[in-house]
Every structure is written in C-alpha cells, then in structure tokens.
Amino acid sequence: MTDPQRSDPRTESVPRARIDELLAGMSLEEKAGQLSQYFYFGAPDAAVGEAPQAHGEVEEVLARGGAGSLLFMTDPAEINRMQRLAVEGSRHGIPVLFGFDVIHGLRTVFPVPIAMAASWDPETIERGQAVAARESRAVGLHWTFAPMVDIARDPRWGRIVEGAGEDPYLGAAVAAAQVRGFQGDHLGAPERVIAGPKHFAGYGAAVGGRDYDEVNLSDAELWNVYFPPFQAALAAGAGNVMTAYMDLNGIPASGNHWLFTEVLRGRWGFDGFVVSDANAVRNLVTHGFAVDLADAAARGVNVGVDLEMAMTDPAYSHLPEAVERGDVSIEAVDACVRRVLEAKLRLGLFEEPYVDVDRARTVLADPAHREVARVAAERSAVLLRNEGDLLPLDPASLASVAVVGALADSKRDTLGPWVFDFDLDETVTVLAGLQDRLGGSTEVRYAPGIRPAQRKFPSMFDMFPGNTPPDPENFDDEAELQRAVDLARTSDLAIVVVGEWQQMIGEAASRSSLELPGRQLELLQAVVATGTPVVLLLLNGRPLDLRWAVEHVPAILDIWYPGSQGGTAVANLLLGDATPGGKLPFAWPRTVGQVPINYAHTTSHEPVNQARRYWDEESTPLFPFGYGLSYARFGYADLVLDALELNRDQSLTASVTVTNTSDRDGDEVVQLYLHQRHGSASRPVRELKGFRRIHLEAGASETVEFGIGPDELRYWNAAVRDFVLDASTFDVWVGGDSTAQLTTTFTTTGQ
Ligand code: BGC
C-alpha cells in the first residue's frame, strides 16, 4: 500500500477564484442541482428491483447538470458512465461526487465498527479504514458516509453496531482514527476518500431505542457526551458532516440552526460541507416543521445543510421558488454551492473525473487487505469468560469437535450489516475457519440445530439479495435439534455459535428485547446438558442476555460480526495462535430492563444501594465497561503522579507498572479513570480519560504513562453554559476495566 505524501491540510489553498468563476456562470436551477444528491441503484434489471428513483430519471437529471452527487454506486465502469453524462452533458462540465456507505470495508470487510472499537486500538482502526478508502477510491468513490460517531447507550437501538459504544473518550479516539484512515492527512490525499462523521447530533439517544424517534438530551449530555466524538473527527480534518433524522429537543436536527450554525460552524469553525441524511430535508415537512418543500429547502440552506441526500424529488429542486418567495437569499445558496465545489476541486475531480477500471480490479484483489482484516478480527474479539482456562484449545487432545448453530455456517452473517460489495466466495465462516485449522487431526462436524430466527417485521435492507436469513423448507426442527445434541454428546468439545442474524441489527433494526432470537437459548441449554465442554461464540453487534450462559458455559468469546476473514481469525484465537485482548466498549446489561446502564453515572441518595435499585435484579451490569479477559494475566502496581496539585493550565503525568504475571504473551488495555469529588456540578463516579493497548511477553513489565491536564479535567457546566475547571480533589484509578481498584488522588486549585 502506498502512503500519501504528508502535508498540512490547513495550508491547502482554497481554489476561490475558480469557484467564483463557476458560480458566476450558473443559473439558480444549476446551483440547486449542485446541492442535490441522488440515490442510484443501477439499471432497472438489477437484482434490487425497481428503485424509488427510476434510473432513467437520474441519467436525465445528470445530463442537464441537475445533480451534484450520486450515492450507492460501486461499479467503476458504471461510475465512469455516469460521470461522463455529468461532465459532458452539463454546461459547466462539473463532475459529480460519488458517495457511499463504506462503513466497515468495501470488498474487504472488516469487523463491524463496534468490534473495531472493542480493539481499543486506534492504529488497527486507522489501518482498516485506510484499506477501505483505498478500495473505495479505486472504484471511483470519493466520499464515505462514515464514521458513525453517535454515542449509543441503549442497545435496543440497532445502530449501536455502527458506532464505538457508550463512552465519549473512547468514541473520540475511535472517531479520529477512522477519519485519519479514510482521509489521510488532508482532503484530496491519494487513495483516500472524504470522511463524513454522522449523524449530527444525538441520534443514538432515540427514546425507547426506537430508530428515528425523537431525542431529548440535556445541554450537559450534549456537550460532555454526544459532541466530543464529532469534535475529535473534525479536529482530525473530516471534510463532511451528515445531519440526523430525528427531532433534537423539539427541533428537527436537519433544520436546527443552533446545531449547524452556532455550534458546528460558529464555535467549531467547520468549513467543510454538510449533507442531509436521506430525505431529511424533505422530512422537515414530515416533522410538521416546514410548510412545504420550498420552505424545507429554505430552512435547510439557511442552517447550512449544503447538499440534500434525496431518495426522490429533492426539496432543493424547489430552491428557485424559495428564493423568489424571499425565504432564502441567493448568497446563502451560493455559500452552499461554494462548499460543494470546493470539495470537488480539492479532490482534483475537474482534472481527473474518471477512474481506471483495470486498476480497480487489482486493488480490490490485494491480498494484503485481507490480512489487515484478519488481524483486525483477532484484535477485536473480547473474551468474556474462560473458566478453568478451557481456552486456548489443545488440538492434540481433541479427536472430534462439534460446531453447532446456523450462524457458524453463514457467510453473509459473518460479514455483518452495512456491507454491499462483498465477495462471499472468499468469506471465511467460523465453521470453515475451524475445518481449515483443525481438519487434519481433529474431526470437525457441524449441525445447525435450529432454523434461523426471523424478524417479525421485515428490514428495509431485505431488497438486497441474500440479506434475509434462509428459511429452509424441509427443516425438521426436532430432528435437527436432536442431531446437534447427539453430535455434541459424541464429541470432545462443542463450539456453539449464537447471536443475531445480521439484518436484525443496524439501521431500522431496533428491538424490544436482548434475548437470543429464536430457539438459540434452548439449543445452547440442550448442548450444555450433554456434559461435553462448551465454548460459546457470539456473533453480535449489541449486548445480549447472557444470564444463563455465564452460569453454565465455561468459555464465552465475543467475536462480533468479524468480517471477510472472521473464521480464520476465530480459529487462531481458539487455538491460541492469537490471544484475545479486546475490551467491551459498553457496559453489558443483564437484561433489557436495565438499559441504559452506562458506567459513567452520577451518585445520589443511598449510593450503598446502587447495586440494588431494582428489587428483582441486580442493577450492576453483567460485565463492566472496559472488560475483557486474556489467556495471559496482568498485575498493576506503583501508580505514581508526578504532581499532586495543579493550577488550571497545568498537567501531570500518571504512571503505572503493568506486569504480565502469566506464562503466556498477551495484550492488555491499560485504562485510566478520573472522578471529581466536588465542584460546581456533580460529576460521574468515573470517566475514562486515558487508555493504551500494550503487548507484554510472559513475565514482562512495562511502565505506562498518561497525561492529565485541562482537556481531561474540564467539563461543560449546564448552569454556567460553558466549560469549567473546578477546584477539587480528583480520584484516579488505573486498571484493566472500569472497576479498576488501584487508586490515588490529586487536587486542582481552579486558579
Ligand atoms: C442512514 C445514513 C446513510 C444513508 C445513505 C440513511 O438511511 O441513516 O447513515 O448514510 O441512509 O445510505
């Protein structure tokens, strides 16, 4: 892989004169066209069937300069064809931007984003998105609608799988790493694409976890929890931001002046372009906010939503009417067009609008990309339980292994949601990975046990071929369950794979329960009842109800949706060629009734009863935030601060010695948490303020250092409506998860 030449994004010249010249020659209709982004699902005979936006219509729109951007195309030859229509057909020869949801890979599929976050490894994350960018740019894409940086504290919300979980500090680190990976160090870097953090803002806090429903967030939560990942993505140079669908505190996010004008552009100085989520400008009418589409268009432009993503009939095509009515000025329209043209110029699209189809083929086939995906899958897995060191397995003692559960043998589900351009032939399932790895000496036998579960209500992604779980006609439920049990009984070990089928998670995939869908718990219980030792593998993007499993299953490994090379990675992990080192990016609830259950809560009356807030169930999580085991063991000692009192501009360094006390090499994620004891607001019991994933050989020690300064100590105070840094005493904890015990204190003077 080539690395782009390093240069400073801030010193890149803005091609202002060229933009002025283009703007001067454009009609208002052409300007409105530049601000419209159309879905294009390909020719009408494509497997997805008739798309909402008829393909002929998009071609006709392009040829008259009526579209600034297209989305959902990945075939380089088709991209060239459409680009030619735009460049040759329009008066000004303005190329279109091709955008797509490259969320966790294009051809090479990486573990889902929540899994990548569980690696707690910004380098792995950056490397993965750099591969995704390279493949995307090679096929002619310029821009990805990623990363999704929405904080998610309610796992009923299906899109938790697309983000980095519950924590703003981890979320910010993951967001920045993704932007660096996608975009390189400046917009227009070779083999990179524009990154578009989304969905601004608060989308993950939908009431009831119901996707698209309204969000009500306090000022303090927005600034302290939901905004930091966006700020980090922008600080890393992201060139685009996407709006969110829902109402935020009573105002539709996509028409929210405060969000876009005051915060994003005003306070943070964002000068890239903003795109609406799909149909979200039109939806300003649906919300009961705008009176009609012209009003919706005016409101969108007036808050600085530059480009409208539209399934059909963009509201922005009504901009001429809105200008005529006096609802929006031509200057406001020009400001949007300017930002869209600037992105195109910076990418060099006017000089090189087309893509090399042959080269695309070579880049997509690059075996180095698959290796990055395998390593990422190994580094994302989280070992939740390993009683009696059942793992890693010793193949010499295993004459036969039973692999049970339909998800073990499903290529499509191994990849996870939000991928469209994958290659199933080269996707390695858990079953295939184990057969490859163990096949010679150990007999690997498979039984699905139960038929795949189904959604009660269909998914909007069902239109993509192969996206729904199969519903085999001649599946004899009782006989298959019995066959799985018999297989387990007559094997030395059973590996049971359970979880959610991939279209049960993601967008429009919220659910009211966290139980294993279908009869999976029954299958697991039946296999465990045979007395054969069981290793449980989870294919998931949200926490699931594991209360029975943690009582009865000795080993549980969360492999998420591990991507193209998932099965190979899983075999390496189970056999000890790789050691699990991932940690949970969310607190894992016992039951759905506990959500939200984020670790960074505040204390109030009777904190001694914090774990007994419900009378029928613990109010602690099943696994804490930051938790994950290793085949190695780690000890923490000598937590030392190099200063015990700080003035407001000062920083200190905390150091701690971590020792691998076992006889196996392994990785540990060293985590630092802070708590402010008193001040001008009450602060969470703990907040993550530093982490580092380290590798320690058996018996080795390393001293790890963390800086603590104003960035770690200040917070948004809702009463003052600004950031404050209080005079207080701070507790520091360092350890391997959010229940870390090694502690010390320091004070701040506030002066
Ligand atoms: C999603 C976005 C996505 C867009 C385009 C929307 O429904 O909310 O995250 O980028 O579709 O696929």
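The values are calculated or read from the model by the stated rules, or taken from the named source; none is laboratory data. Bear in mind the structure is a predicted one, so any value in this text is a computation, not a measurement. Glycine gets a Cβ as well: all are built from the backbone with ideal geometry, and neighbour counts include every protein chain shown. In case anyone asks, the SASA skips ligands and DNA or RNA and just uses the protein heavy atoms, side chains included. Shrake-Rupley method; radii C 1.70, N 1.55, O 1.52, S 1.80 Å.
Tabulated data
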quantity: Residue match in the stretch 95-110 (condition: more than 16 Å from the ligand (Cβ to nearest atom), within 18 Å of GLY626 (Cα to Cα) and buried (at least 24 other Cβ atoms within 10 Å of the Cβ)); calculated: no
quantity: Check on VAL498, more than 16 Å from the ligand (Cβ to nearest atom), under 15 Å from ALA408 (Cβ atoms) and either touching a Phe, Trp or Tyr at 6+ places or on another chain (Cβ under 6 Å) or not in a loop (DSSP other than H, G, I, E, B) (or both); calculated: yes
quantity: Filter result for GLY433 (surrounded by 18 or more Cβ atoms within 10 Å (Cβ to Cβ) and touching a Gly at 6+ places or on another chain (Cβ under 6 Å)); calculated: yes
quantity: Residue that is surrounded by fewer than 20 Cβ atoms within 10 Å (Cβ to Cβ), of a type outside the set (Val, Ile, Thr) and part of a loop (DSSP other than H, G, I, E, B), where the choices are ALA643, ALA637; calculated: ALA643
quantity: Members of the stretch 169-221 that are open to solvent by 30 Å² or more (accessible area, probe 1.4 Å) and either basic (Lys, Arg) or within 16 Å of the ligand (Cβ to nearest atom) (or both); calculated: ARG180, ARG210, TYR212, ASP213, GLU214
quantity: Matching option when the condition is assigned to a loop (DSSP other than H, G, I, E, B) and crowded, with 21+ Cβ neighbours inside 10 Å, among ARG683, ARG648, ARG664; calculated: ARG683
quantity: Odd one out for ARG511 among (1) surrounded by 18 or more Cβ atoms within 10 Å (Cβ to Cβ); (2) closer than 20 Å to GLY566 by Cα; calculated: (2)
quantity: Hits in the stretch 273-293 (condition: within 16 Å of the ligand (Cβ to nearest atom), assigned to a loop (DSSP other than H, G, I, E, B) and either touching a helix residue (DSSP H, G or I) at 6+ places or on another chain (Cβ under 7 Å) or in contact (Cβ under 8 Å) with a residue 60 or more places away in the chain (or both)); calculated: SER276, ASP277, ALA278, ALA280, VAL281, ARG282
quantity: Count - residues of the stretch 296-314 that are among the hydrophobic types (A, V, I, L, M, F, W, C) and either over 16 Å from VAL274 (Cα atoms) or within 16 Å of the ligand (Cβ to nearest atom) (or both); calculated: 5
quantity: Positions within the stretch 686-742 being open to solvent by less than 10 Å² (accessible area, probe 1.4 Å) and part of a loop (DSSP other than H, G, I, E, B), in sequence order; calculated: GLY709, ALA740
quantity: Number of positions in the stretch 301-321 that are free of Cβ contacts under 8 Å to residues at least 60 places away in the same chain, open to solvent by 40 Å² or more (accessible area, probe 1.4 Å) and part of a loop (DSSP other than H, G, I, E, B); calculated: 1
quantity: Qualifying residue in the stretch 547-557 (condition: open to solvent by 20 Å² or more (accessible area, probe 1.4 Å), over 28 Å from ALA396 (Cα atoms) and in contact with a helix residue (DSSP H, G or I) (Cβ under 7 Å, 6 or more places away or on another chain)); calculated: yes
quantity: Where a residue in the stretch 154-171 is under 17 Å from SER119 (Cβ atoms) and its partner, wherever it lies, is part of a loop (DSSP other than H, G, I, E, B) and of a type in the set (S, T, N, Q), with Cβ under 6 Å and at least six apart; calculated: GLU166/ASN598
quantity: Count - residues of the stretch 127-166 that are more than 16 Å from the ligand (Cβ to nearest atom), among the charged types (D, E, K, R) and under 13 Å from the mean Cα position of the chain (by Cα); calculated: 1
quantity: Verdict on GLY626 being modelled with pLDDT of 95 or more, open to solvent by less than 10 Å² (accessible area, probe 1.4 Å), on the phi > 0 side of the Ramachandran plot and not in a strand (DSSP E or B); calculated: yes
quantity: Test: residue in the stretch 560-578 that is more than 18 Å from SER380 (Cβ to Cβ) and at pLDDT 95 or above; calculated: no
quantity: Residue within the stretch 630-652 that is under 26 Å from the mean Cα position of the chain (by Cα) and modelled with pLDDT of 95 or more present; calculated: yes
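Okay, residues lined up against (1) open to solvent by less than 10 Å² (accessible area, probe 1.4 Å); (2) touching a strand residue (DSSP E or B) at 6+ places or on another chain (Cβ under 8 Å):
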| position | (1), (2) |
| --- | --- |
| PHE457 | no, no |
| ASP462 | no, no |
| PRO470 | no, no |
| PHE475 | no, no |
| ALA479 | no, no |
| ARG483 | no, yes |
| ALA488 | yes, yes |
| LEU493 | yes, yes |
| GLY506 | yes, no |
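So that you can scan it fast, the table gives a plain yes or no per residue for (1) open to solvent by less than 50 Å² (accessible area, probe 1.4 Å); (2) free of Cβ contacts under 8 Å to residues at least 40 places away in the same chain; (3) of a type in the set (Val, Ile, Thr); (4) part of a helix (DSSP H, G or I):
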site	(1), (2), (3), (4)
VAL323	yes, no, yes, yes
ALA332	yes, yes, no, yes
LEU341	yes, no, no, yes
LEU349	yes, no, no, no
GLU352	no, yes, no, no
ARG370	yes, no, no, yes
LEU391	yes, no, no, no
